[in-house]
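> Please read through the structure below; I'll follow up with questions.
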Amino acid sequence: MSRSKAAAETITALRTECRRLEQRLAESEAQVRALWEGAPVGLYRSKPDGTLLDVNRALVILLGYPDDKTLLSVNAATLYHDAGGRETWQALLEQQDVAFAVESRKRRYDGTIIWVEETARVVRDAAGRIAYYEGSMLDITERKRAEDALRASEARYRSVVEGSIQGIMVHRDGKVVFANGALARMAGYDDATQVVGRPMWEFIAPEERERIAGHIRARSRGEPTPSRYQFEGLRRDGRRRWLDCFVSPVEWDGAPAVLASVIDITERRDLEQQLAQAQKMEAIGRLAGGVAHDFNNILTAITGYTELLRENLAPDHPGHADLDEIRHTADRAAGLTQQLLAFSRRQVLEPRVLDPNDVVLGTRKLLGRLIGEDIALETKLAARGRVRVDPNQLGQVTMNLAVNARDAMPNGGRLVIETADVDVNEATAQAHHPMTAGPYVLLSVTDTGTGMTEEVKSRVFEPFFTTKPKGRGTGLGLATVYGIVKQSGGFVWVDSEPGRGTRFRIYLPRVPDTAEWAVPGEVTEAPRGGDETILLVEDEPAVRRIARQVLEGFGYRVLEAETPSRALGLLREHAAAVRLLLTDMVMPGMSGPDLHRRAAQERPGLAVLFMSGYPGEDAAGAPLGVAGAPFLAKPFTADGLARAVRQTLDGGAAPRS
């Protein structure tokens, strides 16, 4: 083959190969372009000055431009929402000279702002100069919105959890893995970080731990367990608080855990116990008042007939001694009923404005004899305020507390009686419900005796409850104190621990300095009779009979009625003659005050004298009675009845005894 022919064939072959390479290059470029245009993310090339060289369809759509030509006509710097954003991006890109990703905000064709994640790199020529940038953009607006929503949700969550008054704790395997500020404060810590990592048992009283651990073990075995517990919690300083805890299973950091919501219910439990105690005392008081009422009717008959028998016997008759013993025994029984009435707050008081220090000083000499020489008696009388109470009843309160203290110090000790002016604020009043805030005089009696357990303290004011040996007490002393203080508008609390003595605190409302002092008059005149007509209304036959005999013995004419309706009938028949209505306060069908109001319509100006074993209550539970009306307490003596009737008829104040 000639050289020319060989060269021609070589050239032809080279041309064929070139065409083949050109075709493959075109095919490769077409494939690259197809990949470029079909990419799901926006792609671009740009010069360092921001001139866009090429963009794909995805970027046009991402930025909202009508076509690629329109997008290529803008500078890349104008796409940045933040001023200087491109300069910061460009400096970072050229410094690293490698692909990297940043998040930035871009401005779309319609002016709206989107978040994009941008990946880019620098492409250099053979001389090392920057030829262009190439990169991609991915729309992450929805992801950023979700992240913002998550951050807002977490912020709200933190705000709710940290701002909650409920303690919130998550524990796993016996250790705290999360706690909020409220739980930390309940546990006595300053910050929740001091609680995390600690054993949860540290915050539970030792005697409660096994019970709660049993529930946890049962739950782990899949057995049904309560979702709510009440138990005594243990603070960092050793103090105890009652807690109400709600538990539920949760997943924490990918593993099972327990969520506990905790409420401090110490104050609520205290109030519930105080309310329950008050309701119990009120129920017992109603019973005691009813018993005292019936018993006083019986004692009135016993006392009355004893006096009548004694008057009919000769002075040297041997029966006098027996009658005196009956009368003495009846008086002792009457003292018991007075204690019952004091406890039940149904006795009739004669309150007046006085200095409580005077009452304490007045009983000091007698107290010294009562408590004995082996007990040191101290008085610290700092009160300057005055109170409105019955002085005799306040004296009885002091005596009863002193006797109770003496019995608690069989081997001697110290008894301190103090008075002070105190101003109770709202917080203290709420902690000692139902006390109200305001000015008080505090009377406290403190001993160094044996003290009381919590069980004894909870029952200390109950009537007939006593820890003394049989025959050493009636169990009415402190019940009487409770009743007198409550009836006087005050409050009484007891602080005591075994072996550490006892302190009774009595709060009596302090009266304004402008309140007038009142000194009751004393009854000294001998009983006198008369010839007036008296309408006697009493549902107890024995009392009615003895009252009639006594009154007729003093010369009065007596109309006798066993019911209020019968009394109104007699009044209509003898309206002109009846001068005085002598009526029991508590009767079936109609109370004494209601009867008097009805009778006054029939006989205007009719005088009234009420009598009762206790004043009683209306349907709403309010004490019956007419303010300032004469009242004669049962059991009464013949002289007492005659004196009260005469003074009422004469227009004077009958003794309220």
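> For TYR65, are the conditions met, namely being open to solvent by 60 Å² or more (accessible area, probe 1.4 Å), assigned to a loop (DSSP other than H, G, I, E, B), over 13 Å from SER136 (Cβ atoms) and at pLDDT 90 or above?
no
> Next question, about the same structure. If you go through the stretch 243-275, how many residues are open to solvent by 40 Å² or more (accessible area, probe 1.4 Å), closer than 24 Å to VAL196 by Cβ and outside any loop (DSSP other than H, G, I, E, B)?
Count: 10.
> Here's another thing I want to ask about it. Does the stretch 606-632 hold any residues that are under 20 Å from VAL558 (Cα atoms) and either open to solvent by less than 20 Å² (accessible area, probe 1.4 Å) or at pLDDT 85 or above (or both), and which are they?
Matches in the stretch 606-632: LEU606, ALA607, VAL608, LEU609, PHE610, MET611, SER612, PHE631, LEU632.
> Condition (residue is among the aromatic types (Phe, Trp, Tyr), over 30 Å from HIS432 (Cβ atoms) and touching a strand residue (DSSP E or B) at 6+ places or on another chain (Cβ under 8 Å)) applied to the stretch 187-204: is it met by at least one residue?
The answer is no, given that none of the residues of the stretch 187-204 is among the aromatic types (Phe, Trp, Tyr), over 30 Å from HIS432 (Cβ atoms) and touching a strand residue (DSSP E or B) at 6+ places or on another chain (Cβ under 8 Å).
> Continuing with the same structure: Scan the stretch 41-51 and tell me whether some residue there is over 26 Å from ALA131 (Cβ atoms) and either in a helix (DSSP H, G or I) or at pLDDT 75 or above (or both).
There is no residue in the stretch 41-51 that is over 26 Å from ALA131 (Cβ atoms) and either in a helix (DSSP H, G or I) or at pLDDT 75 or above (or both).
> Taking only the stretch 400-418 into account, find how many residues are closer than 28 Å to VAL511 by Cβ, of a type in the set (A, V, I, L, M, F, W, C) and touching a Ser or Thr at 6+ places or on another chain (Cβ under 6 Å).
The number of residues fulfilling the criteria is 2.
> Here is a further query. Could you give me the residue pairs with C-beta distances under 7 Å whose first residue belongs to the stretch 580-600 and is without any contact (Cβ under 8 Å) to a residue 60 or more places away in the chain, whose second residue is of a type in the set (D, E, K, R) and open to solvent by less than 20 Å² (accessible area, probe 1.4 Å) wherever it lies, and which are 6+ apart or on separate chains?
Within 7 Å, the pairs are ASP584/GLU538; GLY592/ASP584.
> So if I check each of ARG240, ARG221, ARG209, ARG198, which one is modelled with pLDDT under 85 and open to solvent by 70 Å² or more (accessible area, probe 1.4 Å)?
ARG221
> Got a sec? Which of SER104, SER164 is within 30 Å of SER248 (Cβ to Cβ) and open to solvent by less than 50 Å² (accessible area, probe 1.4 Å)?
None of the other options fit; the residue is SER164.
> For the subset of the stretch 279-337 comprising residues that are among the hydroxyl-bearing types (Ser, Thr, Tyr) and modelled with pLDDT of 70 or more, which member is surrounded by the most Cβ atoms within 10 Å (Cβ to Cβ)?
THR300
> What are the residues in the stretch 573-599 that are surrounded by fewer than 15 Cβ atoms within 10 Å (Cβ to Cβ) and in contact with a strand residue (DSSP E or B) (Cβ under 8 Å, 6 or more places away or on another chain), if any?
Scanning the stretch 573-599 gives HIS574, ALA577.
> Yes or no: GLU154 surrounded by fewer than 11 Cβ atoms within 10 Å (Cβ to Cβ), more than 30 Å from PRO48 (Cβ to Cβ), modelled with pLDDT of 80 or more and of a type outside the set (A, V, I, L, M, F, W, C)?
Criteria not met by GLU154.
> Do you know which residues across the stretch 218-247 are among the basic types (Lys, Arg) and more than 21 Å from GLU202 (Cβ to Cβ)?
Across the stretch 218-247, the qualifying residues are ARG221, ARG228.
So that you can scan it fast, the table gives a plain yes or no per residue for (1) under 17 Å from ARG45 (Cβ atoms); (2) under 56 Å from the mean Cα position of the chain (by Cα):
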{"residue": "THR112", "(1), (2)": "no, no"}
{"residue": "VAL116", "(1), (2)": "yes, no"}
{"residue": "ARG124", "(1), (2)": "yes, no"}
{"residue": "ALA127", "(1), (2)": "no, no"}
{"residue": "GLU147", "(1), (2)": "no, yes"}
{"residue": "LEU150", "(1), (2)": "no, yes"}
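> Got a sec? Which helices (runs of 4 or more DSSP H) wholly within the stretch 345-463 have at least 3 residues that are at positive phi and buried (at least 17 other Cβ atoms within 10 Å of the Cβ)?
So the answer is none; nothing clears 3.
> What is the one condition in (1) in contact (Cβ under 8 Å) with a residue 40 or more places away in the chain; (2) touching a Lys or Arg at 6+ places or on another chain (Cβ under 6 Å) that VAL176 does not satisfy?
(1)
> Further question on the same structure: Could you check VAL102 against (1) modelled with pLDDT under 85; (2) within 19 Å of VAL74 (Cβ to Cβ) and say which number it fails?
(2)
> Could you please find all residues in the stretch 496-537 being among the acidic types (Asp, Glu) and either farther than 28 Å from GLN393 by Cβ or at pLDDT 90 or above (or both)?
Of everything in the stretch 496-537, those that are among the acidic types (Asp, Glu) and either farther than 28 Å from GLN393 by Cβ or at pLDDT 90 or above (or both) turn out to be GLU497, ASP531, GLU532.
> Could I ask something else about it? When the residues of the stretch 344-386 are filtered to those that are acidic (Asp, Glu) and farther than 25 Å from ARG406 by Cβ, which remaining residue is modelled with the lowest pLDDT?
My answer is GLU350.
The values are calculated or read from the model by the stated rules, or taken from the named source; none is laboratory data. Please read all numbers here as calculations on a predicted model, not as lab measurements. When we count neighbours, we look across all protein chains shown, and the Cβ atoms used for this are built from the backbone with ideal geometry, even at glycine. Just the protein is used for accessible areas: all its heavy atoms, side chains included, with ligands, DNA and RNA removed. Shrake-Rupley method; radii C 1.70, N 1.55, O 1.52, S 1.80 Å.
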